[in-house]
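Computed from the coordinates by the stated procedures, all read-outs in this text should not be read as laboratory data. Keep in mind the model is a prediction, meaning the values are calculated, not measured. Counting neighbours? That spans all protein chains shown, and the Cβs are built from the backbone with ideal geometry, glycine included.
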Amino acid sequence: MIRESSHRVCNPFTSEKLAILGQAISPSPGTRVLDLACGKGELMCTWARDHGVTGTGVDISAAFIGAARARAVELGVADRA
Ligand SMILES: C[S@@+](CC[C@H](N)C(=O)[O-])C[C@H]1O[C@@H](n2cnc3c(N)ncnc32)[C@H](O)[C@@H]1O
């Protein structure tokens with residue numbers, strides 16, 4: 001967790017690629033997403049902001065869920081993610 005403290009995406013995957021994937025899938029506003037092992041919730045939070053999806057992220061790490069909640073507030077999507 002210390003190793004990934006500065007990472008928003010906890011994978012060998014960039015934020016740009018996450019955005020490209022969202023553009024490729026292009027979910028409709030209101031689409032419900034279940035993100036299992038969501039880590040810090042970057043997918044859910046940015047897709048809520050960029051595509052209007054709504055949904056739930058699940059992760060075993062309380063620290064990551066805390067970061068995900070903070071990110072949702074930061075991006076103004078805490079009511080949807
Ligand atoms: C490689 S990270 C990917 C996180 C996120 N999907 C991302 O791309 O940033 C794997 C995640 O799975 C979570 N995880 C591992 N075992 C789990 C379990 N049994 N239930 C829920 N989450 C789990 C870890 O806490 C970690 O956040």
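Pairs of Cα atoms in the range 1-73 fall into 10 Å distance bins, from 0 up to the last occupied one, in shares of 21, 55, 23, 2 percent.
Taking amide hydrogens as placed 1.01 Å from N in the peptide plane, the amide H of Val33 sits under 5 Å from those of Thr54, Gly55, Thr56, each at least 5 positions away in sequence or on another chain.
Phi angles across the range 69-81 convert, under the Karplus curve 6.51 cos²θ - 1.76 cosθ + 1.60 with θ = phi - 60°, into 3J(HN,Hα) values of 5, 5, 5, 4, 5, 4, 8, x, 10, 4, 7, 10, 10 Hz, Gly and Pro given as x.
When only C-alpha pairs under 8 Å and at least 6 residues apart count, what is the relative contact order of the range 22-81, in percent?
Working: 101 pairs, mean separation 22.3, N = 60.
Computed value for the range 22-81: 37 percent relative contact order.
Rounded to the nearest 10 degrees, what's the angle between the helix 15-25 long axis and the longest principal axis of the chain, both from Cα atoms, 0 to 90? Result, in degrees: 30. Which loop-located trypsin sites (Lys or Arg not before Pro) does the chain contain, where loop means any DSSP state but H, G, I, E or B and the Cβ has at most 10 other Cβ atoms within 10 Å? Here the trypsin sites (Lys or Arg not before Pro) that fit, given the DSSP loop and packing criteria, are Arg3. With 0.36 nm allotted per residue and the present C-alpha distance subtracted, the Gln23-His7 stretch has 3.6 nm of extension available.
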